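Read through the structure below, which is laid out as C-alpha cells, and then see the notes.
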C-alpha cells in the first residue's frame, strides 16, 4: 500500500496560461518510473481526494521530482499558489509506467497531446531508442518544447496552425512521412483511439497511458476502470483499474 508523504516545494513557475511547472524535493524521486504519477493532496478539507498528476521529470541526485499540470479546478488552483519551501502532501509513486524494454534499440514514436505531453519528457530522457517525439498543442504555447528537443527529433502539431503541422499528432506523422516500430503515448482519448487504430493497421505495438478521473488512486474504489480484451485476474470480469493496472496499457489489450 502506498503511503501519504509530506514533501517540500523547491520551485514553481507558470510556463503557459494555467500550466504550472513545479519541482518537489522527495525521496519518491529515487525509484520513479516514466509514466507513473503522484496523488497530490489539497490542504483544503473540502477537496479531500488527491489529484492525479503525472511525473514529468526526475532528478535522483537532487532527490527531486518535477510535475507539470494544468489548473482545472479547486485543487490544482490551490497547488498553483504554492511557492518555494511550502509543504506538499503526496501519495506515490503510483501506476505501472511505460515498459522501456519494449522500445530499447527500436525506432519509436513518443507521442503526447495537451497535458499528456509532460510524462513524455521523462520517457524521452530514459528510453534508449531512436526517438521521434510527436506532440500536439491547442495553440502556440509550446510548453516543454526546449526540454523535449534535447532527447529526440521533435515534431509539433497545433490545432490552430500557429506552430508545426496544423491539426493533430496523426496529421504531423502523415505530413512528415514518419514511421516507427513501436509507439508510446499519453493524451486525450480521441488521440489514443487514433493511435490504437494506426498501430493495428501497421501491426506494431503501442503502449498508451490513459487519462481518467480518479478517486483513491490505489485501486480500492474501482472508480477508474477500462474494458479489457481478457478477463482480469483481480476483478474476474473484462476490465482493469487504470490507477493500479495502468495507467499504461498495450493498446490492443483495452477497449477504448
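In table form, for the structure just shown:
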| read-out | value |
| --- | --- |
| The stretch 117-145, subset in a loop (DSSP other than H, G, I, E, B) and more than 19 Å from residue 59 (Cα to Cα), residue nearest to the chain's Cα centre (by Cα) | 143 |
| Residue within the stretch 107-123 that is over 27 Å from residue 20 (Cα atoms), modelled with pLDDT of 95 or more and surrounded by 23 or more Cβ atoms within 10 Å (Cβ to Cβ) present | yes |
| Residue satisfying all of: in the stretch 230-245; in a loop (DSSP other than H, G, I, E, B) and crowded, with 21+ Cβ neighbours inside 10 Å; modelled with the highest pLDDT among these | 245 |
| The stretch 87-96 - residue that is modelled with pLDDT of 95 or more and buried (at least 16 other Cβ atoms within 10 Å of the Cβ) and, of those, farthest from the chain's Cα centre (by Cα) | 88 |
| Enumeration of residues in the stretch 149-203 that are part of a helix (DSSP H, G or I) and without any contact (Cβ under 8 Å) to a residue 24 or more places away in the chain | 149, 171, 174, 175, 176, 190, 197, 201, 202 |
| Of residues in the stretch 170-208 being in contact with a helix residue (DSSP H, G or I) (Cβ under 9 Å, 6 or more places away or on another chain) and closer than 12 Å to residue 132 by Cα, the one surrounded by the most Cβ atoms within 10 Å (Cβ to Cβ) | 184 |
| So residue 70, is it surrounded by fewer than 18 Cβ atoms within 10 Å (Cβ to Cβ), under 16 Å from residue 117 (Cα atoms) and without any contact (Cβ under 8 Å) to a residue 60 or more places away in the chain | yes |
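Every residue, every condition in (1) out of contact with any strand residue (DSSP E or B) (no Cβ under 7 Å at 6 or more places or on another chain); (2) surrounded by fewer than 22 Cβ atoms within 10 Å (Cβ to Cβ); (3) closer than 20 Å to residue 248 by Cβ, yes or no:
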site	(1), (2), (3)
2	no, yes, yes
5	no, yes, no
12	no, yes, no
16	yes, yes, no
22	no, no, no
30	yes, yes, no
43	yes, yes, no
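The values are calculated or read from the model by the stated rules, or taken from the named source; none is laboratory data. Keep in mind that what you see is a predicted model, and the values were worked out from it rather than measured. Note that we place each Cβ from the backbone using ideal geometry, even for glycine, and neighbour counts take in every protein chain shown.
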